[in-house]
1. If I filter the range 7-28 down to residues being modelled with pLDDT under 95 and in a loop (DSSP other than H, G, I, E, B), which single residue comes out as farthest from residue 69 (Cα to Cα)?
2. Residues in the range 29-46 that are surrounded by fewer than 20 Cβ atoms within 10 Å (Cβ to Cβ) and either under 11 Å from the mean Cα position of the chain (by Cα) or in a strand (DSSP E or B) (or both): how many?
3. Give the residues of the range 47-69 that are over 11 Å from the mean Cα position of the chain (by Cα) and either in a helix (DSSP H, G or I) or surrounded by 20 or more Cβ atoms within 10 Å (Cβ to Cβ) (or both), sorted by residue number.
4. Is there any pair with a first residue in the range 41-58 that is closer than 17 Å to residue 11 by Cβ and a second that is of a type outside the set (Gly, Ala, Ser) and part of a helix (DSSP H, G or I) whose Cβ atoms are under 6 Å apart and which are 6 or more apart or on different chains, and what are they?
Amino acid sequence: MTGADIADATWARVDDGFYVGSLEGAFLGCIDTLPDGRFAAMDAHTQPIRTCADLPEAMRTVLEAAAQGERP
């Protein structure tokens, strides 16, 4: 997954404000829109990574965490 970009991943909006990402068939994590408009990025185990200001930032956060094998 090294060198992957958010454009390489597949992102699906599965509900209003809720997105899931995958890359080459592997689940990356998900993103939930918070009531204040920020985005909660979560890993493949739905553990919080961090809160982001916009959706592209949250997508990059999920992808980078997956690439590094990070878990909080």
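1. Ranking the candidates gives 7 first.
2. Counting residues in the range 29-46 that are surrounded by fewer than 20 Cβ atoms within 10 Å (Cβ to Cβ) and either under 11 Å from the mean Cα position of the chain (by Cα) or in a strand (DSSP E or B) (or both) gives 5.
3. 67, 68
4. 41/61; 41/62; 49/61; 52/61
The values are calculated or read from the model by the stated rules, or taken from the named source; none is laboratory data. Since this is a predicted model, take the numbers as computed values, not measurements. For neighbour counting, all protein chains shown are included, and Cβ atoms are generated from backbone atoms with ideal geometry for every residue, glycine included.
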